[in-house]
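Bear in mind that the values in this text are calculations on the coordinates, not laboratory data. The structure presented is a predicted model; accordingly, all values stated were derived computationally and were not measured. So basically every Cβ, Gly included, is an ideal-geometry build from the backbone, and we count neighbours across all protein chains shown.
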């Protein structure tokens, strides 16, 4: 693990996000929690996330002590770190970033990210970043998937051990986090957009209240989605993306 970063392993758990909530900080921060299997894994908006044996299921617990807008930037830190880590085991050209928090492999979803924050007042005291990666073959019978799942083993024919992948990912996350701290979000934004899927093309954003179709123009300075629609430019802070 990188200097100052700790980790713990649990053979089986309901959810690493739940373990992160109860983490007492005894091993310091940041701290990775890795699970062999999860029985109650979840994704964004409470969606279920299948976590079979051999998949990567981990949560990173941090104490950023920063405003919420800055805490959310760690979603892009995690996405960039994930793409870097996955490029060690698959062709980098096959990987793409899907806003706001997925990594695609050959157009299928290979990894997802979930953020949960806790704090009082104007600062986020604790931030948990949940990360799931299909290191083996893609799970079957995934219901209501906007993008078909794909696994690393579907492409390479070989699975990567979660423990080995954690060592790679933890190092990459620490490196990208250092860029955020030293150079600011603009550098993270630039790296993310350099690998953004469908940049400059028409995509659909569904917010729950409306469906917005427009040309994907990139991210603004806060990480919001920018769409150029028939009615002008739209800034979208949260949505599900389809293309």
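Run the simple label-point estimate for residue 27 and residue 161 please: 7 Å along Cα→C-beta, distance reported in nm.
1.7 nm
Who wins for biggest fluctuation among 118, 56, 76 in a Gaussian network model of the chain, springs between alpha carbons below 10 Å?
Result for the chain, Cα springs under 10 Å: 118 fluctuates most.
What FRET efficiency do you get for residue 187 and residue 140 if R0 is 51 Å and r is their Cβ-Cβ distance, rounded to the nearest 0.05?
0.85
Can you give the FRET efficiency for residue 8 and residue 122, using 1/(1 + (r/R0)^6), R0 = 30 Å, r = Cβ-Cβ distance, to the nearest 0.05?
Calculated value: 0.45.
Go ahead and estimate [θ] at 222 nm for the chain from helices alone: -39,500 (n - 2.57) per DSSP H run with n ≥ 4, summed, over the residue count, rounded to 500.
Calculated mean residue ellipticity at 222 nm is -7500 deg cm²/dmol.
I need the peptides 175-183, 124-132 ranked by packing, meaning the mean over residues of other C-beta atoms within 10 angstrom, with the highest value on top.
124-132, 175-183
What residue among 67, 30, 162 shows peak mean-square fluctuation when the chain is described by a Gaussian network model with Cα springs under 10 Å?
67
Between residue 202 and residue 94, with labels modelled 7 Å along Cα→Cβ, what's the label distance in nm to one decimal, could you check?
3.0 nm
Could you tell me the center-to-center distance, by alpha carbons, between segment 70-90 and segment 181-243 in angstrom?
Between the Cα centres of segment 70-90 and segment 181-243 lies a distance of 17 Å.
Which value, in nm² and rounded to one decimal, describes the direction-averaged projected area of the C-alpha convex hull of the chain?
Average of the hull's projected areas for the chain equals 12.9 nm².
With an 8 Å cut-off on Cα pairs and a minimum separation of 6 or more residues, tell me the relative contact order of segment 54-109 in percent.
23 percent.
May I ask you to work out the translational diffusion coefficient for segment 19-133 at 25 °C, viscosity 0.890 mPa s, via Stokes-Einstein with Rh from the Kirkwood sum over Cα pairs, reported in whole µm²/s?
For these conditions, the coefficient is 165 µm²/s.
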